[in-house]
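The values are calculated or read from the model by the stated rules, or taken from the named source; none is laboratory data. Since this is a predicted model, take the numbers as computed values, not measurements. Here the Cβ is made from the backbone with ideal geometry for all residues, glycine too, and neighbour counts use every protein chain on show.
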Amino acid sequence: MSQQTTKSWAFVIFQVILLILIVFGPNFWNVRSSNYITSILALLLSLIGILIVFRATLDIKKVMSVFPVPKSPGGASYKGLYSYVRHPMYSGVLLFCLGVIVLDLSLFKLFLLAILFILFYFKSNYEETLLVEVNPDYSKYKNKTPRFIPRFRR
């Protein structure tokens, strides 16, 4: 197994473990029980996160992979949500998880979300390094487009 493949598998396995713990894991260190307002907010955040992931998947379906290695030369999309952020799927997953955390009000899960954010940061750095190698235009896109959080002023 190549180093690139090993690193890709490590990112994906760690990501899956964190997602399972956030969604289905124990609620240690709960701040308080959720109420009607936090439940609605949690539902909205999670739903928006799911919709972002779904839309981003449609925008990049031809070159999509859970692994951070580009599937083909030019394996990047600059359309749809990708015109606002470089990694909308990661943004959507983070927003979904934030909704779960708002519902559970668990400091433990908030800590796991912070780790997931850091993982996505390093995974996206690795992915972008590989994308620049196969697609030199990606550097220009990277310099003008934010990573996870859109800037709505253009």
> Which condition number in (1) of a type in the set (D, E, K, R); (2) within 18 Å of the chain's Cα centre (by Cα); (3) more than 21 Å from VAL12 (Cα to Cα) is the one that ARG86 fails?
Replying inline: (3)
>> So SER65 ticks every box in (1) at pLDDT below 85; (2) loosely packed, with under 13 Cβ neighbours inside 10 Å; (3) not hydrophobic (A, V, I, L, M, F, W, C) but one. Which box is left unticked?
In response: (2)
> What number of residues within the range 98-118 are closer than 19 Å to ILE50 by Cα and touching a Lys or Arg at 6+ places or on another chain (Cβ under 8 Å)?
Replying inline: 2
>> Restricting to the range 1-57, count the residues that are of a type in the set (Ser, Thr, Tyr), exposed (fewer than 14 other Cβ atoms within 10 Å of the Cβ) and either in contact (Cβ under 8 Å) with a residue 60 or more places away in the chain or over 17 Å from SER106 (Cα atoms) (or both).
In response: 5
>> Every residue in the range 125-151 that is in contact (Cβ under 8 Å) with a residue 40 or more places away in the chain and assigned to a helix (DSSP H, G or I), please.
In response: TYR126, GLU127, GLU128, LEU130, LEU131, VAL134, TYR138, TYR141, LYS142
> Of the conditions (1) farther than 19 Å from ILE149 by Cβ; (2) surrounded by 13 or more Cβ atoms within 10 Å (Cβ to Cβ); (3) of a type in the set (Val, Ile, Thr); (4) at pLDDT below 85, ILE60 fails just one. Which one is it?
Replying inline: (1)
> In this structure, does PHE122 turn out to be modelled with pLDDT under 95 and assigned to a helix (DSSP H, G or I)?
Replying inline: no
